[in-house]
Number of protein chains: 2
Amino acid sequence: MRRSMHRPVRFGFVLLLLLSLGRFAAAADETVPALLGFSAERSAAERALEKKLDAALDREDQKAWMKRLTAHPHHIGSEYDRQNSLFIADLFRSWGFTTRIEDFYPLFPTPKERVLELIAPTRFQPTLSEPPVPGDASSAQSAEMLPPFNAYSIDGDVTGELVYVNYGIPDDYEQLERRGIDVAGKIVIARYGHSWRGIKPKVAAEHGAIGCILYSDPADDGYGVGDVYPKGGWRNDRAVQRGSVADGPLHSGDPLTPGVGATKDAQRLDRKDAKTITKIPVLPISYGDALPFLKALDGPVVPPDWRGALPIAYHFGPGPAKVHLKLVFDWKLTPIHDVIAVLPGAELPDEWVIRGNHYDAWVHGALDPISGMVAVLSEAKAIGALAKDGWRPRRTLVYAAWDAEEPGLLGSVEWAETHADELRAKAIAYVNSDSNSRGYLGIRGSSSLEAMINDVARDVVDPEKSVSVWTRARATALIDGTAEEKREARDRPNLRIGPLGSGSDYTPFIQHLGIAALDLGYGGEEQYGQYHTAYDNFEHFSRFVDPDFAYGVILAQTGGRTVLRLAEADVLPFEFTGSADTISKYVDEVTKLADDLRDKAVEENLRIDDGSYALTFDPKETHVVPKRQEAVPYLNFAPLRNSLAALQASARAYSKAVTARAAAGKPLSTEERAELDRLLIGTERALTRPEGLPGRPWFVHQIDAPGFYTGYGAKTLPAVREAIEQKKWDAAARGVDTVAAAVSAYAAQIDRAAATLAK
Amino acid sequence: MRRSMHRPVRFGFVLLLLLSLGRFAAAADETVPALLGFSAERSAAERALEKKLDAALDREDQKAWMKRLTAHPHHIGSEYDRQNSLFIADLFRSWGFTTRIEDFYPLFPTPKERVLELIAPTRFQPTLSEPPVPGDASSAQSAEMLPPFNAYSIDGDVTGELVYVNYGIPDDYEQLERRGIDVAGKIVIARYGHSWRGIKPKVAAEHGAIGCILYSDPADDGYGVGDVYPKGGWRNDRAVQRGSVADGPLHSGDPLTPGVGATKDAQRLDRKDAKTITKIPVLPISYGDALPFLKALDGPVVPPDWRGALPIAYHFGPGPAKVHLKLVFDWKLTPIHDVIAVLPGAELPDEWVIRGNHYDAWVHGALDPISGMVAVLSEAKAIGALAKDGWRPRRTLVYAAWDAEEPGLLGSVEWAETHADELRAKAIAYVNSDSNSRGYLGIRGSSSLEAMINDVARDVVDPEKSVSVWTRARATALIDGTAEEKREARDRPNLRIGPLGSGSDYTPFIQHLGIAALDLGYGGEEQYGQYHTAYDNFEHFSRFVDPDFAYGVILAQTGGRTVLRLAEADVLPFEFTGSADTISKYVDEVTKLADDLRDKAVEENLRIDDGSYALTFDPKETHVVPKRQEAVPYLNFAPLRNSLAALQASARAYSKAVTARAAAGKPLSTEERAELDRLLIGTERALTRPEGLPGRPWFVHQIDAPGFYTGYGAKTLPAVREAIEQKKWDAAARGVDTVAAAVSAYAAQIDRAAATLAK
């Protein structure tokens, strides 16, 4: 369910150490540097293996599998979803993987009744449906589709005046307050975008709204961006974005079994006690259906950044538009089927490299998620071929095809919760993908994997430009980046990889279990706009996304290299100077955030006190002078800075230790390797705290988390950053201590790894 | 024809001198400071006079006059325009002014034939008309209106493919070039805005286009801003912006008589030699009419900042839309009638304070220009009443009601050219207004009048907020200003007044003759969007602009005070430390402009050289790598800095001389006053150079000019700034010398004035 396809990668300053040290040995062939974690000799062998992998990839496979997997709607609980699980499991088996299907039984509501009507000042009945489109046979399979709805909306039957709340994020409600508009007792209509969708009903309910309509404004992914389907690929006036509205930032997975696997006999919460189900009913509609509702609003005209692309003057309301919304769901437990395929490691079988992508979709899901799934399958088939040739991975490979990601990462979360102890002990890293498209490599993940994944990106060739995908990703930063991003792109040897928020299956691994993770995918040149609609299907994909699967092939190359290097390295390819640099950047950011808030409060209070607001309010309109802001105290960031200094020293020392060990010509024994791996695996774990984040203990990682009010968007150093954003100064001070403790623990664990190398 | 109603004023640092010195004497009443240029005693008398002025102002007058003047369409050449001239002249006469009507005979084309049609891929005939609107009787007077057209479009009959060029300014053609789109031989469609309209066909023709359609996108003043007429005041789908498209930045006024008055027997150019008539035919249309044309375009989708608010994906073209445009005009000389009303000065009759507003309109012109005209009439009536009471102004007042401003400032320019010598000798200042509305005081003009007009603004009370209009104008800068503007608003004692570009009748005075000028008007809270349409009429004005003429009354107070203080001061209220500060800001700006261009060229060339552009171009689209940029040399700004240093010293010395003279208790004799006034009048003249600006000798002012590629928007230090913008480095160097010479001459003239005071 990952939303944004085009995530430009970022760069920054990193010690030059990274290029000169941190590799196991100088390359035998001076023109090709040795891979991180490999000796020169083993590096050459690894590259040869990767060449064989490339040769085994076939775009025709991907096309055929996509056709097969998207031939019918295959949402969670559907018969075709179950058949897909069997089909995928059979493929893995045929390639030599030890394959099993693990079932779980999460709560999954489906709509029994959806009523939405405009009842004043005129009456209007929206279609609430997506009609077939000429030339698109898939879109005619209406009978097999779930209708447009938001999963985990509560049941409800409400009637009230309508208020337009823009994107429905906290800033928007501040604006409403300043115009004297209260949503209490009202139904809000919010446009999709600028936050994960589940944030919108959550914030609306916090402000007393009784119902919530979501719609896709054409400004955001319709004709405001490009030609609409079927002329172009962008959203047409009837396409509706489905999706979960559970409060994912509280915890991911099944609402009834937080923290434990939703096995058949798991202890379940009563539904009324489930915390992630919405407080008010929510329904998504198309912009064709939304227009009459928005047109019927009066009240003040909205400010420019609230305007969408519909041909009307947008008004706030409330009213005279009055709306009736009734939703009834079938709240049943639904079996889901994770496909788990294992290729055991020859030397270190209890060390797992996990690679995953989900296969369930809201409808056909050609792009989301099958474009990613078929690339993973392609990669697994090629690896299977290597194994059939006699090769065995040094460490164990686990391939996962997750079911039920769309409603809330159910497949991955329930599996990870079920196997938590084993995963904490054995998992080296989790490598995710979800959707894939024509364009640029996007990488997010654990910063300790930055150097390794940069090496991978330097070795994969872009099919459109015949340069490395690394060079092309760097070029976007140079063209579209901010001044800071351009500077990084020029000066930093590695692409800085972005932090993980949420929205795909890496979340249980990194944020709940503290397993290093990566999320990979290409994109930026597609015409999408069909996210979670009935038109994200093979017909659309083969015209507007990645028609010849060229990027499907290189995602398989990218994922395949990543998995193989993690499995085959002499020393696990973790690198920490880049990580220290990235955490240092986050510390600078939260410091600046507090400073900026302080300046803003001073400035705002000046304007309130000198009467400037009152003097500029048009007396023919309602305006409310904002409340005076509390002064922002200076916070003690010293613990964070001290822990960071320790980390920087540890990171440098570890790099030196790697180089020294290589220079000493003392290869690691299997026992030493197992010991070192155990310590390195523990580095990411060290970044977690058992008590979790304030108010949401399921999330234990102290560097990356989904924002409590952004959902998909990551908040780094969340215990500090969100406390500052929410002006909870005591919590921010506690957050500084917690994060500093995690960073110190990370540094200490890196020191232990370095000490092992020095033995 | 002034476009923007809401021009936020700006502030900046000025020496505190301004408040402590520069006044003739400390006030008698310590709580009310003496007025600039007045002794304490005379200051009290002046304030008493102004109170009487205020008492004589009557909003009912303004309402009645607006009804009378807008009862019928009254464009140049119409019978009702002539009747309005007689009506206005009679009013002035009845108030005791010596009044005459001066006629001129400029070229004014009116449409004989207007054909516009979409001929491929489908056919469409636009309406090219503005229908009556329910509840708006004025809009039903179609028979008396000129249809929508652009004055000084050339005749033409062209057929070609259509290209959308956004606002049609030079930057937009750069974007087209980068997408490989050539407009040569094509017809362009440009939206109004971001430049004076005449720039659009000029730039289109420079790029080889054969025709030009202008339209108003709803994003800019239609439903993209607010409710459309008649529900709200903004532009509806049939309202068309008329207006001149002559190349005004080359010279203003009659195209056939540049530099001389268009009297009956003036020597005229042959029409084919007239430089300001467009090179290609141009026609304006509504967004209702534009939609089918834009919808018929294909080719690449435009970038986000090119998108308007029509419910389509905007495409560049060219084609498949194909257009036929035929325009035939009646090219006749048309008599125009300037009303000139004089109240002779009792002491210094050969010193003129000129106050003007135009009265011709494109249709009814309630806002543009009658809202300003009736305020000026109100002001003149009140001054007439003072005179009837026995008071006489010390210096001569000249009130002008200009005809034919709309086609190109014809009334003011031809009058100023005819009386150029006398004006250069006698005119102290020209005070303009044009349109007026609810909201904030906007001031632009000669920086030497900054202190005086700030004093005026401090003495006029805003009818909505009961604070001075100065305080309210300052508040907008504090709320909406940039960081720099906010700093100025807090720290600078006076509002910094903006520079004059063009677009109203101040142009011939300041920019052609070097007479200090001001342009005054209120606005920012209206719902306009009917600029130059059939709906800018009394019905619209009294609902959406200034329903009770509260701002009409305070414009009369503002203009009246300005005129009276200029006429009555002991020492003309010119102040130069603020002027030096403002010119210093301009010098900083042009220096930064060169530096920024240099950085930009370096950055751009880096990206070209490292291949980043090529790497980020989608191979499915056409993109052209931009040309390498010429390196930007370091320019020698020293002559400008040296002249500025001299000016700063002279300005301080003059302020000191004023204070010293007052402290010495030696009032000026009439002869000394005449001598000092002559020198002060000469200060603005010193800022002109007889050779004029490069390529446009009609514009002689070296500080303020309309931009050659912006039209309305001012370009300060134009000989330097525009040369840098156009990358003409030799011309920029010459410009530095020319402007430095003007600034030095300004300083020397100020020195002479100071010396007179020291006698």
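Taking the centroid of alpha carbons for each part, the stretch B:491-543 and the stretch B:545-584 are 14 Å apart.
Entry note, chain B: the mean residue ellipticity at 222 nm calculated from DSSP H runs of n ≥ 4, each adding -39500 (n - 2.57), is -12000 deg cm²/dmol after division by the residues and rounding to the nearest 500. Computed about its Cα centre, the charge dipole of the stretch B:109-332 is approximately 260 debye, with only Lys, Arg, Asp and Glu carrying charge at their Cβ.
Label-point distances for A:Asn636 to the equivalent site in the other copies, using a point 7 angstrom along Cα→C-beta, read 6.1 nm when ranked shortest first. Computed from Cα positions, the angle between helix A:550-568 and the longest principal axis of chain A comes to roughly 50 degrees.
Using Stokes-Einstein with the Kirkwood hydrodynamic radius over Cα pairs, what translational diffusion coefficient do you get for the protein assembly as shown at 37 °C and a viscosity of 0.692 mPa s, in µm²/s rounded to a whole number? Calculated translational D: 91 µm²/s. Under the criterion of Cα pairs below 8 Å and six or more residues apart, the relative contact order for the stretch A:578-758 equals 28 percent.
Return the percentage of antiparallel bridges among DSSP beta bridges fully within the protein assembly as shown, rounded to the nearest 5 %. The antiparallel proportion sits near 60 percent.
Less than 5 angstrom separates the built amide H of A:Leu256 from those of A:Leu107, all sequence-distant by 5 or more or on a different chain. Working from Cα positions, state the angle (0 to 90°, nearest 10) between the long axis of helix B:670-686 and the longest principal axis of chain B. Taking the Cα atoms of chain B, the angle to B:670-686 is about 20 degrees. Count Lys and Arg as plus one, Asp and Glu as minus one, and take only other residues whose Cβ is under 11 Å from that of A:Asn84; the net charge is then -3. Measuring from the axis that maps chain A onto chain B, the chain A residue with the nearest beta carbon and its rounded distance in angstrom come out as A:Pro311, 2.
With the charge dipole of chain A set up from +1 on Lys and Arg Cβ and -1 on Asp and Glu Cβ about the Cα centre, the Cα lying farthest toward the positive end among the listed residues A:Gly408, A:Thr127, A:Gly578 is that of A:Gly578. Candidates B:Leu635, B:Gln702, B:Leu668 compared by Cα position along the dipole of the stretch B:578-758: farthest toward the positive end lies B:Leu668, with charges placed on Cβ.
A DSSP coil position with no more than 15 other Cβ atoms inside 10 Å describes the following trypsin sites (Lys or Arg not before Pro) in the stretch A:70-133: A:Arg123. Once the Cβ-Cβ distance of A:Ala45 and A:Thr591 is raised to the sixth power relative to R0 = 41 Å, the FRET efficiency obtained is 0.35.
Annotation for the stretch B:477-566: trypsin sites (Lys or Arg not before Pro) lying in DSSP loop with at most 12 further Cβ atoms inside 10 Å of their Cβ do not exist. In nanometers and ordered shortest first, the copy-to-copy spacing of the A:Asn605 label point, defined 7 Å from Cα toward Cβ, is 5.0.
Shape analysis of the stretch B:578-758 based on the Cα gyration tensor places the equivalent ellipsoid semi-axes at 45, 16, 12 Å, largest first. About its Cα centre, the stretch A:578-758 has a charge dipole of approximately 560 debye under the convention of +1 per Lys or Arg Cβ and -1 per Asp or Glu Cβ, with nothing else charged. For the stretch B:109-332, the relative contact order comes to 34 percent (Cα pairs under 8 Å, sequence separation of at least 6).
For the stretch A:612-620, putting each phi into the Karplus relation 6.51 cos²θ - 1.76 cosθ + 1.60 with θ = phi - 60° gives couplings of 4, 4, 4, 6, 9, 7, 5, x, 7 Hz, in residue order, rounded to whole numbers and with x for Gly and Pro. PRE reach from A:Ala137 (point 7 Å along Cα→Cβ): which of the stretch A:360-376 fall under 18 Å by backbone N? Flagged as within label range: A:364-366.
Relative to the dominant Cα principal axis of chain A, helix A:729-758 is inclined by about 20°. For the stretch A:400-416 and the stretch B:37-80, compute the distance between their C-alpha centroids and round to whole Å. Their Cα centres are 76 Å away from one another.
Over chain A, the alpha carbon radius of gyration divided by the compact-protein estimate 2.2 N^0.38 Å works out to 0.95. With the convex hull of its Cα atoms as the shape, the stretch B:109-332 has an orientation-averaged projected area of 12.9 nm². Cα centroids of the stretch B:321-383 and the stretch A:346-378: 74 Å apart. Across peptide B:460-472, the mean count of Cβ atoms from other chains lying within 10 Å of each residue's own Cβ comes to 2.
Go through the stretch B:467-477 residue by residue and turn each phi into a ³J(HN,Hα) via Karplus (6.51, -1.76, 1.60, θ = phi - 60°); whole Hz please, and just put x for glycine and proline. Computed from phi, the couplings for the stretch B:467-477 are 10, 5, 5, 5, 4, 6, 5, 4, 4, 4, 5 Hz. Counts of other chain beta carbons within 10 angstrom of each beta carbon in peptide B:434-442 average 1. In this simple spin-label approximation, A:Ser466 and B:Ser669 carry label points 7 Å from Cα along the Cα→Cβ vector, and these lie 9.2 nm apart.
The mean number of Cβ atoms from other chains found within 10 Å of a Cβ in peptide B:614-621 is 6, as a whole number.
With its label point defined 7 Å out from Cα along the Cα-to-Cβ axis, A:Asp588 lies at 2.7 nm from the matching points of the other copies, in increasing order. Ordering B:Ala732, B:Val743, B:Val590 by Cα displacement along the dipole of the stretch B:578-758 toward the positive end leaves B:Val743 in first place; charges were set at the Cβ atoms of Lys, Arg (+1) and Asp, Glu (-1).
Note: relative contact order over chain A, using C-alpha pairs below 8 Å and six or more positions apart, is 20 percent.
Coordinate-derived values only; no laboratory data. Predicted, not measured: the structure shown is a model, and the values here were computed from it. Glycine also receives a Cβ, built like all others from the backbone with ideal geometry; neighbour counts cover every protein chain displayed.
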